[in-house]
Each structure stands twice: as C-alpha cells, then as structure tokens.
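First the structure, in the form of structure tokens, and then the observations on it.
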Amino acid sequence: MSKKVTSTEEFFGFQLGSDRKIARWDKIVDYFNKLQEQSDKIKVVDMGPSTEGNPFLLLIISSAENLANLENLRDINNKLADPEGLTEEEVDRLIMEGKAVICQSMSLHATEIGGTQMAPELAYDLLTKKDEETKRILDNVIFLMVPCFNPDGQIIVTDWYNKWLDTEYEGVSLPWLYHKYVGHDNNRDAFQTNMVEAKYMAKTMFRDWTPQAYVDHHHMGSYNARLYVPPYCDPIHPHGDPLIWREHSWYGAHMAYKLEEAGKTGIINGAQFLAWGHLGFHWITIYHNIAGMLTESASAKLATPLYIHPSQLKGDRRGTLPEYEAQTNFPHPWPGGWWRLRDIVEQQYVSAWATLDIAARHRETVLRNAYLKAKRQTERGACGTPKAYVIPCDQHDPVTAAKMIDKLLAQGIKIKVAKEDFMADGVIYQAGSYAVFLDQPKSGLVKTLIGKTVYPDNDWTRSRDGTPMSPQDSATDTMFEFMGVRVDPIERCCSGEFEQVSDSIWPESSIPVSHEGYVLDTSVNDSFISVNRLLADGAKIFRAKSPVSCGDACMPVGAFVVKNANKSLLTQLTEELHLTFHSLEEDVEKVPVKASRIGMYQRYWGGNIDEGWTRFVLEQFEFPYTTLMDEGIKKGNLKQEYDTIILPNDPEAMITGVDIDKWWDKHYPWWPLPTFPPEYRSGIGEEGVEALKEFVEQGGTLICFDGASELAINQFKLKIKNVLEGVGPKEFFCPGSTLHANVDACHPAAYGMPEDSLIFFWNSQVFDIIPSSDNDKYEVVVSYPEREIMESGWLIGEEKIKKKSAMVVAKYGKGKIALIGFKPQHRAQTHGTYKLLFNSLLC
C-alpha cells in the first residue's frame, strides 16, 4: 500500500500522554481501523465484545510478507512450542523459516492508563519508520499487541477523569470498580478465565499462538522507582523452565539498557515483584514456556501531573530497595519533581520497543529456546514424579469436575480419557476417568494447577527479624483444591487405553417418568441453577430432611425434592446443565424452599472487588439480587423488601464509614486515602447498623463474608470472638492457602458439602463461641481439625485455629446471622465452597 498513514497527533489532535488529556477507547479503535486501511503491515482482529459490549482488539503487526504468510508462520510457531515427533533436522528448518512471536498488552488495570495511550504511537512508528532497526523488527517478529486489556474500564476512567477536570477532584481515582465485576482482579483471572476478556487472551496466547515472550505494561505507586522492568526477584517458583528465568534477565537487561540510553532515570530491575507470583497473565505464562514479564511505571494522577518532593521518595517494603539511593539494579535514581503521563508513555514505549528489538536481533535464539523449553519440560515430566494426575470420573460434583477439565483445556493442557478401566498406583480407575500425563511441554503448568503446592518459608520470604512477608498475592492457586475436585497424583506409570480429548465429556443426564415428583442431588452446584429456574417457573421445591433412596441412587440429606414442575423445563435443564433428575419413589419428610429476596451491599471508596465477584457468581447461578447502597440500608424497613442481605468481605470501617481515615492510615500507611467527592464517601453509619439489626430481629438473614463478620460481632454484640484478632504474623500467618475443614453436612447451610472439605483461607476470621447462657443460639457449621490443617500454601501457627470455627450461624431475634469466616466464592474460583453460600440463601 502507498497510502499516507495518519499520525497520532493528526488523528487525536494532541500528543498522546499530554497533560490532562486521555484518548478514549472508541476513538483509539477508530484509529487502529484507519491504520489497517492505510497499511498492509497491520491486521486488526476484533476478538468480540467485552463484558459490557465494547470491542476487544488484537493487533498483529509485521511485514506485509509475513502477514500474507501468517497461517504458515503460526503453524511453525506452534510446532516449535510442542515439538512432539519432530526430528532435529525438522526443528532446524522450522527455526530458519519461523519468526519470533512477541505479545504485549496494555492497561489491564484501567487506572493505569499509560499503556493504552502509548499503543497508537508504537503502532504508528512500526508502520511508518524506515530505519534498519524497524525493518529488522517487521521482518523477524510477529507482534501481537492487545492495546487495551480492559476496554470497559478505559472508557469508565476516561469519562470519570473528564467529568472532574478543572475541579479540586481532578485526577482522583474512581470511587467504584473499573470493571463491571472484578476491578483490579482481572489480573487474577488467567487460570480460571471467568471474564470474557481473559478468555480472549487465553485463546490468543495458549491456543492460537504460543508467543516466546509476553510483556504486560502496568503502573504502580508514585513514591518509589519510576519504572520496574524484568527480571523478577526471589523467591522463585519451582515449575518454570530455567531458560525462562534467564530470558527474563536477558529481555529486562535490554529494556534497562535502552531506557538508560534514552536518558530515562529511576529504572529498577530484579526487585519488588516476585518470581513466585499469582496466576495473572504475566506470571502464568512462565509455566506455558513463555517468558511472561511486566513493567510497572510510577503513577501520576491519571493524566494530571503529580509533584513529588525528593524527601517523599522511598525504598520498597520488601527491602529489595532498602533506601531510595543508587544500587547495582538501580544505578540512576530519579531526583524528584513533576511526574507526568507523558513520562509514563515514553518509558513504556522504550520498554515495548526494546522487547521487539532484542527478539528481532536474536530471532533464531528466541525460536530455539522455545523448542528447548518445550523439549526439556516434556523430558522433566517424563522422568520426574508424579508421572501423571488422574481425575476420577467418580466425583462429589461431577459437573464441576467437567468444568475444571474445560478450564484446563483452555490453557492448552493435553488431557486424555480412559477408554477402559485401568490401574494406577494400586487403585482401579473406571473408564471415563481423565489422565493428565506429565510428559508434555506444559508439565510445569500441570503441576502448578493440579498438584499440591507448598509456598517457601525461607530467607526470601521473611524479613530480617523473622517476620513472614506476604506473597505477591495468594500462596497457592491450586485449581482442583479451589473447585473441590478430586485429583490423584500417580507416582508410577499407568497403563491402559487412553484417548486425547478436546472438550469436556459431561456427565450423563436423564429424567425418568415420575408421578410423585423428582429428586435432585444437592451435591452438584448447578442444581441451584435448576432450582432457581424452577422456582421462577412456579414449581414447588423442598429440601429432604433425611437421605432419599432413589432406586440405585441414594441422595444425601438436603436433596431437592421437585413437584409440580413443567416437564419441558425439566428436560431443558437436564440437557443444558447435565443434571439427572431421579424419580421420587415415595414422599419424604421435607421442608419447603422459596426464592429468597436478596440484597447485597455495595460501597464506594474505590469499590469492593469481593462484592463484584459475588455479583458475578450470583448471576452465573441465577440468584436474583438487588444492589443495596447506603441510603437503601439507612432508610430501614428492610424486611419488607428482603429476606437475605449479603455483606461481602470488607472491614467494619469500610462498611460503616466510621473512622475510615484511621483504619486506612493503619493498613495503608504508604498510600494516602483518596479524596473523593463528598457523594462518594460512603458508609451506612449508626443508622444503617440499626436498620440491619431491625432486619434480622424481624426474621431476616444476614450473611457476612470474612472481614464483614467483624461488623456483625461488634455491632450485634454476638457471643463470638475472632481468635486471631491481635495475633502477630510470627504467631499466625496464612496468606491465601487451602485448609482442611470439618463440615456438618447435616446442617441446612452445608447440605451437599463433603464432610472433609478444603476452604480458601486468606488472613481470614476464625471464631470461638464465648460461653454464655445463649450457647444454644450458635450453630457451628464448619470447623478446623486438630492437626495437619494445611493442604497447599503457607500456614504458620496451626495450633491457633485447631478445633476452632470457620462458619457459625447465630440466631438473633426471629432471624439469623451467617458468619462465614472466609470467602466461599473467592474470585469465582472456589467452587468447592459455593454451596455454603447458596444454601444460606435458600435455607
């Protein structure tokens, strides 16, 4: 093409990154589409609508010749990423013919606006510059760019910023989440891919392509280094190929060098961000044999400059930069002064360009390393232990197990199904059981997701005085434990006839002829979807008060009994949800179930991510609910409109709004409390607390997750204490781990739960019932065993919680309060404890 390519300044009317200006996503989309019209070096792929219907774009930038040969180059790339059956000669040929594939994404967190503002400028320069370096990049690299990982949030933040321009609130952060459901946690969704944006990214990187390197461009706080670039710092995760960690240093050194060359100061590498991180995209990619990295720019006030005094510049809290002064990985400190969005755009541009540059200069090395990582990880999996993981077809909740298989397949993991019964480690497994063999390139990912994980407790994870330091996020992300799925490690080879699968094989479902009614297994989470639809359709639903015999099957106590149901709806539910409705052979003692009128508290102060995830889970399982803001609670008479009110995980101060500044200073001393406009300084106050008391006294149910239990205990004067209150981290520490718990499966709040369950504990509440004349008003639903409590993660001070309570239901007036000391619906990942919430909504 010979058309003139429109520059960013010409199109947007200003230099991107200019003070007090943000280009909006819809305008950026128009610009990329115009570039595609004007250049044959860019392909714009609309992956589909975002959560709220905005376009999610993937840009593919390379030479015109490469784009014309894209499918062949993709096939070469994927063969090198999974070289099973290739000879060395074939590998050499593919390396000679292939191109390095580099993926970079921008502004995953929507208030971190620099990446998306930089992306059009980066694309324009790649399409128009004529120098040798640019030509080398286009000839040798296929650049996959996601210019905005969170389109909805980008629009929300831009509009919010523009609304408050020229006021005292200019540049203040959003008072609500910058994604419909998950806010900052969109970077915790890479391994379970609940959000559609995560699904698009996983499809791009884990199925369609396997890039050799991936960089996710972020912002961080304002008072430390100006920019973090790779590598990560210790502790290291054990399941990444060693070449990955070398590549991090390699790419990061080139970024740091080019930044220094460009005169950028305050650059730090090998610090602050841990090599053992959460399973967001820039960390999970490591176990996909992709050099997954991030950059982190110091933040301004969105697009408004921020002045920083030299005395305000500090080291980091982990001690990787003990003082704000020069050291070998931070040789040129920034002196302080005005910090602008344009500074962020320029440093992220240099980092992004440097990544492309080094890959172009060393294309053959990059591709050979891709092959070596895949080959060596396959060999490690074949020679090490376990040899495989078996997911038996006999599961407590077979539908959820099938969902987990789908999630693993979305990661590109190879899974096989047994065509016949087989024996492994002395256990006979039925045909239909899944086997995940470790002799595959993603063996490290397999171990990370479905193998037991123990977080390191060593000098890297404790400060000099022995205080444990928090991980980058949770201490484990073991998918199978979160979801309540049985997975057996196999130490020796298992023989049998297996067939690779590309989709989950769902449980067989059926609906017999019945005159008395039907019985539905309450052990299956999706049974609650069925119940909600049936209730909405006018069916009569009950809970059995004792186990129910249904021919060859025996349903547990709490099983759903369905009467007067529309047969066509039952058939639809059977087919869509893979559920079996059993014939009710004779009537049983039962209690009726009605649809609960649910209200859920939502606050401002930046929003509550746990509230967003709870909304998502309720919608996925079709529980109707109403969002309750401050005034909706304060007005009182809540029992007239609601049967159940949910307080998601939150400290008491954030719910009531009382002494919030003191609470903030105690917990976030390194970051000032945002000064929101008055209408966004939320809190239910004493008036709201009294309204909640009245609601429960009149027969309502109040459900409190984790930290919100603090409000109920204190304000309702419950005879309960949190045994961990005031206990220091040297005595007790459990930052995001799976713990064994004893469940009273005969309690209505725990119907369908296994008696030995795993719960996700993250600095959570642990209860002890204070002796009183009201002991009978407190029911323990979930408690911790006496010993060997931890399954995966990190636990210090097990003795502090042994035999203590994790979930208590307290009677209060005519109503009740369900204190769930942990988050049963954590990030829509902990399917194994969903029923504790769902039952509480129905019982």
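The values are calculated or read from the model by the stated rules, or taken from the named source; none is laboratory data. Given the structure is predicted, the values throughout are model-derived calculations rather than measurements. In this analysis, Cβ positions are derived from the backbone assuming ideal geometry, glycine residues included, and neighbour counts consider all displayed protein chains. SASA here: full protein model, heavy atoms, side chains in, ligands and nucleic acids out. Shrake-Rupley method; radii C 1.70, N 1.55, O 1.52, S 1.80 Å.
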Practice problem: Find the relative contact order for the stretch 129-200 and round it to a whole percent, using C-alpha pairs within less than 8 Å whose residues are 6+ positions apart. | Solution: 23
Quiz item: Taking θ as phi - 60°, what are the ³J(HN,Hα) couplings along the stretch 54-62 by the Karplus curve (6.51, -1.76, 1.60), each to the nearest whole Hz, with x for Gly and Pro?
Solution: 8, x, 9, 9, 10, 9, 10, 10, 6
Quiz item: Say each of TRP670 and ARG492 gets a label point 7 Å from the Cα, pointing the same way as Cα to Cβ; how far apart are those two points in nm?
Solution: 5.1
Quiz item: For the stretch 688-843, what does the alpha-carbon gyration tensor say about shape, rounded, prolate or oblate, given a ≥ b ≥ c as the root eigenvalues, a/c under 1.5 as rounded, and a/b over b/c as prolate?
Solution: prolate
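For every helix of n ≥ 4 consecutive DSSP H residues, a contribution of -39,500 (n - 2.57) applies; sum these over the chain, divide by its total residues, and give [θ] at 222 nm rounded to the nearest 500 deg cm²/dmol.
Values: 25 runs with 262 residues, N = 843.
Taken over the chain, the calculation gives -9500 deg cm²/dmol.
Highest mean first, how do 142-148, 471-477 rank when packing is the count of other Cβ atoms within 10 Å averaged over residues? List each step's numbers first, then the result.
Working: 142-148: 26.0, 471-477: 23.9.
Ranking, from highest mean packing down: 142-148, 471-477.
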Practice problem: In nm, give the distance between the simple-model label positions of GLU323 and GLU71, each being 7 Å from the Cα along the Cα-to-Cβ direction. | Solution: 6.3
Quiz item: Using a Förster distance of 22 Å, how high is the FRET efficiency between ASP26 and TRP164, based on the Cβ-Cβ distance and rounded to 0.05?
Solution: 0.60
Quiz item: Hey, how much of the P(r) for the stretch 1-144 falls beyond 27 Å, as a percent of Cα pairs?
Solution: 30
Quiz item: When only Cα pairs under 8 Å and 6 or more residues apart are kept, what is the percent relative contact order across the chain?
Solution: 11
Quiz item: Which value does Rg/Rh take for the chain over its C-alpha atoms, Rh per Kirkwood?
Solution: 0.97
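Probe of 1.4 angstrom, ligands and nucleic acids ignored: what's the accessible area per residue over the chain, in square angstrom? Display every interim value, and only then the final one.
Numbers: 31590 Å² over 843 residues.
Using a 1.4 Å probe on heavy atoms only, each residue of the chain averages 37 Å².
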Quiz item: Once the Cα atoms of helix 114-128 and of the chain are each reduced to a long axis, what angle between those two axes, in degrees from 0 to 90 to the nearest 10, is obtained?
Solution: 40
Practice problem: Enter the Cα centre distance for the pair the stretch 178-229 and the stretch 819-835, rounded to the nearest angstrom. | Solution: 23
Practice problem: Taking amide H positions as placed in the peptide plane 1.01 Å from N, state which residues far from HIS747 in sequence (5 or more) or on other chains have amide H under 5 Å from it. | Solution: none
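Only Lys, Arg, Asp and Glu count, each charged at its Cβ (+1, +1, -1, -1), so figure out the dipole size of the stretch 437-580 about its Cα centre, rounded to 20 debye. Intermediate results must be reported in sequence, preceding the final value.
Values: 13 positive and 20 negative charges, 121 e Å.
Using Cβ point charges on Lys, Arg, Asp and Glu, the stretch 437-580 gives about 580 debye.
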Self-check item: Mean separation of Cα contacts under 8 Å (6+ apart) over length of the stretch 554-692, as relative contact order %
Solution: 27
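If I take R0 = 51 Å and measure r between the Cβ atoms of THR467 and VAL513 in this structure, what FRET efficiency does the formula 1/(1 + (r/R0)^6) give, to the nearest 0.05? It would help to have the intermediate numbers written out before the result.
Numbers: r = 65 Å, r/R0 = 1.28.
Approximately 0.20, to the nearest 0.05.
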Quiz item: Can you list residues whose amide H is under 5 Å from GLY266's amide H, if they're 5+ apart or on another chain and H is modeled 1.01 Å from N?
Solution: HIS332, TRP334
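Ranked from the most accessible area to the least, with a 1.4 Å probe and all protein chains present, what is the order of ARG597, ARG136?
Details: ARG597 95, ARG136 60 Å².
The ordering from most to least exposed comes out as ARG597, ARG136.
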Quiz item: Based on the Cβ-Cβ distance of LYS3 and ARG207, what FRET efficiency does E = 1/(1 + (r/R0)^6) give at R0 = 30 Å, to the nearest 0.05?
Solution: 0.35
Quiz item: With every protein chain kept in the model, how would you rank ARG207, ARG787, ARG603, ARG318 by accessible area, 1.4 Å probe, largest at the top?
Solution: ARG787, ARG207, ARG318, ARG603
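What Kirkwood hydrodynamic radius do you get for the stretch 239-315 when you take the inverse of the mean 1/r over all pairs of distinct Cα atoms, in Å? Don't jump to the answer; show the numbers that get you there.
Details: mean 1/r = 0.0683 Å⁻¹.
Result for the stretch 239-315, one decimal place: 14.6 Å.
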Exercise. Give the Cα extents of the stretch 531-687 along the principal axes, in whole Å, largest first.
Key: 63, 34, 28
Practice problem: Pop out the ³J(HN,Hα) list for the stretch 442-450 in order, Karplus 6.51 cos²θ - 1.76 cosθ + 1.60 with θ = phi - 60°, rounded to Hz; leave Gly and Pro as x. | Solution: 9, 4, x, 5, 4, 5, 5, 8, 10
Practice problem: Quick one: which residues, 5 or more positions from LEU584 or on another chain, have an amide H under 5 Å from its amide H? H modelled 1.01 Å from N in the peptide plane, none for Pro or chain starts. | Solution: GLU516, GLY517, TYR518, VAL519
Self-check item: Part-to-part distance (alpha-carbon centres) for the stretch 614-643 and the stretch 66-137, which is given in Å
Solution: 47
Self-check item: Estimated vicinal HN-Hα couplings, Hz - the stretch 366-371 in sequence order (Karplus 6.51, -1.76, 1.60; Gly, Pro = x)
Solution: 4, 6, 5, 4, 4, 5
Quiz item: Dividing the convex hull volume of the alpha carbon atoms of the stretch 345-464 by its residue count, what do you get in Å³ per residue?
Solution: 216
Practice problem: Among the listed pairs LYS199/LYS407; LYS373/LYS452; LYS203/LYS407; LYS635/LYS719; LYS99/LYS199, give every one whose C-alpha distance is greater than 20 Å. | Solution: LYS373/LYS452; LYS635/LYS719; LYS99/LYS199
Quiz prompt | Simple spin-label estimate for ASP744 and GLU697 in nanometres, 7 Å along Cα-Cβ | solution = 2.6
Exercise. Putting +1 on Lys and Arg Cβ atoms and -1 on Asp and Glu Cβ atoms, find which of HIS747, PHE705, PHE733 reaches farthest to the positive end of the dipole of the stretch 684-761.
Key: PHE733
Quiz item: Roughly how much of ILE769 is accessible, in Å² to the nearest 10, using a 1.4 Å probe?
Solution: 50
Self-check item: Contour excess over end-to-end distance, with Cα ends at LYS452 and ASP661 and 0.36 nm allotted per residue
Solution: 71.2 nm
Exercise. Report, to the nearest 10°, how far helix 70-81 tilts away from the longest principal axis of the Cα atoms in the chain, using its own Cα long axis and a range of 0 to 90°.
Key: 70
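Determine the percent antiparallel among the DSSP beta bridges restricted to the chain, to the nearest 5. If you can, show how the numbers build up before the last one.
Details: 77 of 117 bridges.
Around 65 percent of the beta bridges assigned by DSSP in the chain are antiparallel ones.
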Exercise. Please work out whether the stretch 614-674 counts as rounded, prolate or oblate from its C-alpha gyration tensor, where a ≥ b ≥ c are the square roots of the eigenvalues and a/c under 1.5 means rounded, while otherwise a/b larger than b/c means prolate and anything else oblate?
Key: oblate
Exercise. Sort out for me the Cα centre separation of the stretch 262-292 from the stretch 360-417, rounded to whole Å.
Key: 22
Quiz item: Could you sort GLU133, GLU799, GLU725 by accessible area so the largest value comes first, with the probe set to 1.4 Å?
Solution: GLU725, GLU799, GLU133
Practice problem: Name the shape class, rounded, prolate or oblate, that the alpha-carbon gyration tensor gives for the stretch 1-52, where a ≥ b ≥ c are the square roots of its eigenvalues, rounded holds for a/c under 1.5, and otherwise prolate holds if a/b is larger than b/c and oblate otherwise. | Solution: oblate
